[in-house]
Amino acid sequence: VWRAACGANVLDVDGNRFLDLTSGFGAAAIGHRHPRVVAEIPRQAGDLLHGLGDVAAHPARIDLAARLCALAPVDSPRVHFAVSGADAVEIAWKTALLASGRSRLLAFDPGYHGLSFGALAATSRREFRAPFLDQLSSHVDRLPFACPLALVAERLDSSTAAVIVEPIVGREGVLVPPEGWLSGLARLCREAGAALILDEILTGFGRTGRDFACDHEAVRPDLLCCGKALGGGLPIAAVVGRADLMEAWRRGGEALHTGTFVAHPLACAAALATLDVIAQEQLARRAVEIGRRIAAALASALPARSCLRGRGALWGLELPDAESAARLVDRLRQRGLLALRGGPS
């Protein structure tokens, strides 16, 4: 039971201190309770504690949209805010459907995009999907992650509205695609007229050593989903998309996708402070150095039949089986290190 957290440290109710290697499921990328973020919350609360969803803007929302448009590698960008990563994935999928008039989505296995119904249809893990399989969308095609691009070309057709992919698969195993695969996928999407949706909810905001993981291959997606680290510990997410695709939402009448807490003032203020910290403290550069240290420290100490892989500050250790991984996570916890077990159980 956590009692307090600061920086990379967590204190439980019994007084035990842990080093949080998970960065709070990726949301505390600048550290837990960063003083810049903490200071912004009462300041914003003193002006506007809650807004009116997507009906009325507020200054922090406008400023944050501008910052995201300047940062994201998307042409002619516009922002649609979301309340969670899964919500952002569903917004991106809906955008592609509305803009194209097509019906199908291509996703990759393994891949994790969230557990709400729309996002779950694109998520791969059997344990998550099985209880709801009959209710999930049947309009999702699947291919193995980092498969030969010829297989992707064969699968794309005039019914494909979008392709969704994590540039580095996170929760399902920290899988880095071979060099050139992501840029090749982007080329195939352009040729097929399908939108490329990049799920950068875990990989965004400097974690892999660049602002976004797709920057390593200079890929410019049509729709980019981001969240987690953006809020500095508060819940907020967004889709940054090409203006011509985002125009599909301008239909008059009721909003087709919204929420009471969209672009919440406190979360927007925290996100602006977070982006300042990432830039001013050069955390993307720091992620590269963290990655070098991790690789050097573990290169000669890997367990038998294991594999270490990652980029920047995002790393995974593959062990022979799920039981070995569970035992290691428990041993780390006993030694004061918090880690997560990922991949199929």
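Part of a helix (DSSP H, G or I), in contact with a strand residue (DSSP E or B) (Cβ under 8 Å, 6 or more places away or on another chain) and touching a residue at least 60 places away in the same chain (Cβ under 8 Å): does that describe Asp75? Answer is no for this residue. Scanning segment 304-322 for residues that are farther than 14 Å from Glu172 by Cα, open to solvent by less than 60 Å² (accessible area, probe 1.4 Å) and part of a loop (DSSP other than H, G, I, E, B) yields Ser306, Gly312, Ala313, Pro320. Every listed requirement among (1) assigned to a loop (DSSP other than H, G, I, E, B); (2) surrounded by fewer than 19 Cβ atoms within 10 Å (Cβ to Cβ); (3) touching a Ser or Thr at 6+ places or on another chain (Cβ under 7 Å) is met by Tyr112 save one, (2). Each residue in segment 272-285 was checked for being in contact (Cβ under 8 Å) with a residue 60 or more places away in the chain and either open to solvent by 40 Å² or more (accessible area, probe 1.4 Å) or among the charged types (D, E, K, R) (or both), and 3 pass.
Yes or no, residue by residue, for (1) of a type in the set (Ser, Thr, Tyr); (2) under 26 Å from Phe25 (Cβ atoms); (3) at pLDDT 95 or above:
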| residue | (1), (2), (3) |
| --- | --- |
| Pro131 | no, yes, yes |
| Pro148 | no, no, yes |
| Leu151 | no, no, yes |
| Thr160 | yes, no, yes |
| Pro167 | no, yes, yes |
| Val176 | no, yes, yes |
| Ala194 | no, no, yes |
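Arg102 passes every criterion in (1) open to solvent by 20 Å² or more (accessible area, probe 1.4 Å); (2) assigned to a helix (DSSP H, G or I) apart from (2).
Among residues of segment 47-71 that are among the charged types (D, E, K, R), those with a Cβ under 7 angstrom from a residue that is surrounded by 16 or more Cβ atoms within 10 Å (Cβ to Cβ) and not in a loop (DSSP other than H, G, I, E, B), sequence gap 6+ or separate chain, pair up as Arg61/Cys268; Asp63/Leu272; Arg67/Leu272; Arg67/Leu275.
Selection within segment 82-99: residues that are in a helix (DSSP H, G or I) and β-branched (Val, Ile, Thr). The member of this set that is surrounded by the most Cβ atoms within 10 Å (Cβ to Cβ) is Val89. Within segment 252-265, work out how many residues are in contact (Cβ under 8 Å) with a residue 60 or more places away in the chain and open to solvent by 50 Å² or more (accessible area, probe 1.4 Å). So the answer is 5.
Residue-wise test of (1) closer than 20 Å to Glu247 by Cα; (2) of a type in the set (Asp, Glu); (3) open to solvent by 20 Å² or more (accessible area, probe 1.4 Å); (4) not in a helix (DSSP H, G or I).
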| position | (1), (2), (3), (4) |
| --- | --- |
| Leu185 | no, no, no, no |
| Glu191 | no, yes, yes, no |
| Leu196 | yes, no, no, yes |
| Gly204 | no, no, no, yes |
| Arg207 | no, no, yes, yes |
| Cys214 | no, no, no, no |
| Arg220 | yes, no, yes, yes |
| Leu224 | yes, no, no, yes |
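Considering the conditions (1) in contact (Cβ under 8 Å) with a residue 40 or more places away in the chain; (2) within 23 Å of the chain's Cα centre (by Cα); (3) within 22 Å of Gly101 (Cβ to Cβ), Ser159 is excluded by exactly one of them, (2). Each residue in segment 125-170 was checked for being in a loop (DSSP other than H, G, I, E, B), among the charged types (D, E, K, R) and open to solvent by less than 70 Å² (accessible area, probe 1.4 Å), and 2 of them qualify.
Return a yes/no flag: does segment 38-55 have any residue that is open to solvent by less than 60 Å² (accessible area, probe 1.4 Å), within 20 Å of Gly206 (Cβ to Cβ) and either touching a strand residue (DSSP E or B) at 6+ places or on another chain (Cβ under 9 Å) or polar (S, T, N, Q) (or both). There is at least one residue in segment 38-55 that is open to solvent by less than 60 Å² (accessible area, probe 1.4 Å), within 20 Å of Gly206 (Cβ to Cβ) and either touching a strand residue (DSSP E or B) at 6+ places or on another chain (Cβ under 9 Å) or polar (S, T, N, Q) (or both).
The values are calculated or read from the model by the stated rules, or taken from the named source; none is laboratory data. On a predicted model such as this, the values are computed, not experimentally measured, just so you know. We place every Cβ from the backbone using ideal geometry, glycine too, and count neighbours over all the protein chains shown. The accessibility values were calculated without ligands, DNA or RNA, using every heavy atom of the protein model including side chains. Shrake-Rupley method; radii C 1.70, N 1.55, O 1.52, S 1.80 Å.
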